[in-house]
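The values are calculated or read from the model by the stated rules, or taken from the named source; none is laboratory data. Not measured: the values here are computed from a predicted model. Neighbour counts run over all protein chains shown; Cβ positions are idealised from the backbone, glycine included. Heavy atoms of the whole protein, side chains included, go into the accessibility calculation; ligands, DNA and RNA do not. Shrake-Rupley method; radii C 1.70, N 1.55, O 1.52, S 1.80 Å.
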Amino acid sequence: MHSLTRAAALAALALTLAVGCSGPSEDEPVPTAPVSALALPAPREAPAPAAVLGSPAAAGEVRLEQGPFTDRLTFTGLRLDPKATAVTGHLAITSDVSDLLALEVRAAFYDASGRLLGSGSFHYQEEETAGVSHGERRAEGEGIDFAVPATGLTGTPASAVLSVPVLVNE
């Protein structure tokens, strides 16, 4: 019986090799997987701004909230404009000299008592990548100027807190 089992196993192996290992003939096209376009990672939802500032802010003060990208950026000239309609400033990537592809800067606007009034955001995408650029770009490597508008506020802001939930560079 041992020889019968062995013969059956060899027959099964021969059938598997004959059927399972055969490739396409020269006349049959070789199937290929579709090539997808390069996609940037989807941004994660940033946490909501604090409803009340933990410590009082001076009138016109703009703070930078520490986050996963703040150690890779330098902010200069931050200010809450005199009409309190936007936070303006300039940022540059300090971690390397690669091109900036996408960026989001958010601002939470607070009244004099530290109560949240609303927020706004600034979006930047490299022109070659998305066909749209928001913000003024200076010479390569010098960073960009930005303005985060205050939209839908429930009062007049006295201070703001900036965060950077999205930063994509080469």
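Only one of THR16, THR32 is farther than 22 Å from GLY120 by Cβ, modelled with pLDDT under 65 and not in a loop (DSSP other than H, G, I, E, B); which? Walk me through it before giving the result.
Numbers: THR32 fails: not in a loop (DSSP other than H, G, I, E, B).
Residue meeting the stated conditions: THR16.
How about the range 153-165: which of its residues are surrounded by fewer than 20 Cβ atoms within 10 Å (Cβ to Cβ) and not small (Gly, Ala, Ser)?
If the condition is that a residue be surrounded by fewer than 20 Cβ atoms within 10 Å (Cβ to Cβ) and not small (Gly, Ala, Ser), then LEU153, THR154, THR156, PRO165 are the ones that fit.
If we only count strands (runs of 3 or more DSSP E) wholly inside the range 48-120, which ones have 2 or more residues that are at pLDDT 85 or above and open to solvent by less than 40 Å² (accessible area, probe 1.4 Å)? Give the derivation first.
Numbers: elements: 62-64, 73-80, 86-93, 100-110.
Of the strands (runs of 3 or more DSSP E) lying wholly inside the range 48-120, those with at least 2 residues that are at pLDDT 85 or above and open to solvent by less than 40 Å² (accessible area, probe 1.4 Å) span 73-80, 86-93, 100-110.
Quick one: how many residues across the range 121-150 are open to solvent by 80 Å² or more (accessible area, probe 1.4 Å), out of contact with any Ser or Thr (no Cβ under 6 Å at 6 or more places or on another chain) and either at pLDDT below 85 or under 16 Å from HIS90 (Cβ atoms) (or both)? It would help to see each step written out before you state the result.
Our first condition is that a residue be open to solvent by 80 Å² or more (accessible area, probe 1.4 Å); within the range 121-150, this holds for 123, 127-128, 134, 136, 138, 140, 142.
Subset that is out of contact with any Ser or Thr (no Cβ under 6 Å at 6 or more places or on another chain): 123, 128, 134, 136, 138, 140, 142.
Narrowing further to those that are either at pLDDT below 85 or under 16 Å from HIS90 (Cβ atoms) (or both): 128, 134, 136, 138, 140, 142.
Counting residues in the range 121-150 that are open to solvent by 80 Å² or more (accessible area, probe 1.4 Å), out of contact with any Ser or Thr (no Cβ under 6 Å at 6 or more places or on another chain) and either at pLDDT below 85 or under 16 Å from HIS90 (Cβ atoms) (or both) gives 6.
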